[in-house]
Amino acid sequence: KDYGKLVVIVDIIDQSRALVDAPGIVRKPLLFKRMAITQFKLDIGKCPKKKDLLAALEPAAAKFAASPWGKKLAAKTLKANQTDFDRFKKMVAKGKK
């Protein structure tokens, strides 16, 4: 359900869990083994307010979208949202090559 969403660790609970937050997600604990840590770091304090977090997240989200990992997730989402007719057009175009 939360797969592929970009979240920010706002606090560390213990050695296996962190408190995460993001736009469209309620602040909640998440296991580290369910996360894939990126190279992007935000300069925010511990447990910031939602509006401060959103303001700091905008430039980092744009950088992530431009990275290969972000492009891969965007392509996967685009493919998942294709209609039957879009898949048909792609198949026909591939056959004409």
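Across region 13-48, what is the total count of residues that are β-branched (Val, Ile, Thr), open to solvent by 40 Å² or more (accessible area, probe 1.4 Å) and free of Cβ contacts under 8 Å to residues at least 24 places away in the same chain? Even if it seems obvious, please write down each step before you answer.
Taking region 13-48 first, the residues β-branched (Val, Ile, Thr) are 13, 20, 25-26, 37-38, 44.
Going one step further and asking which of them are open to solvent by 40 Å² or more (accessible area, probe 1.4 Å), we end up with 13, 26, 37-38, 44.
Keeping just the survivors that are free of Cβ contacts under 8 Å to residues at least 24 places away in the same chain gives 13, 26, 37.
Result for region 13-48: 3.
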**OP:** Would you mention how many residues in region 8-47 are modelled with pLDDT under 90, outside any strand (DSSP E or B) and not small (Gly, Ala, Ser)?
**Re:** 11
Subject >> Contacts under 6 angstrom Cβ, first residue in region 1-12 being over 18 Å from PRO68 (Cβ atoms), partner surrounded by 14 or more Cβ atoms within 10 Å (Cβ to Cβ) and of a type outside the set (A, V, I, L, M), 6 or more apart >> reply: VAL8/ASP21; VAL10/ASP21
**OP:** Considering each residue of region 52-84, count those that are farther than 14 Å from LEU6 by Cα and in a helix (DSSP H, G or I), and give that number.
**Re:** 9
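Across region 1-12, which residue is nearest to LYS49 (Cα to Cα) among those that are of a type in the set (Val, Ile, Thr) and open to solvent by 60 Å² or more (accessible area, probe 1.4 Å)? Please lay out each step first, then the result.
Initial filter on region 1-12 (of a type in the set (Val, Ile, Thr)): 7-10, 12.
Adding the requirement that they be open to solvent by 60 Å² or more (accessible area, probe 1.4 Å) leaves 9, 12.
Working: ILE9: 13, ILE12: 16 Å.
Of everything passing the filter in region 1-12, ILE9 is nearest to LYS49 (Cα to Cα).
Of all residues in region 1-60, which are of a type in the set (S, T, N, Q) and either touching a strand residue (DSSP E or B) at 6+ places or on another chain (Cβ under 7 Å) or more than 24 Å from THR77 (Cα to Cα) (or both)? Explain how you work it out, then say what you get.
Quick first cut of region 1-60, residues of a type in the set (S, T, N, Q) only: 15-16, 38-39.
GLN15, SER16, listed by residue number.
The values are calculated or read from the model by the stated rules, or taken from the named source; none is laboratory data. These figures come from a predicted structure and were not determined experimentally. So basically every Cβ, Gly included, is an ideal-geometry build from the backbone, and we count neighbours across all protein chains shown. Keep in mind that these areas ignore ligands, DNA and RNA; they rest on the heavy atoms of the full protein, side chains included. Shrake-Rupley method; radii C 1.70, N 1.55, O 1.52, S 1.80 Å.
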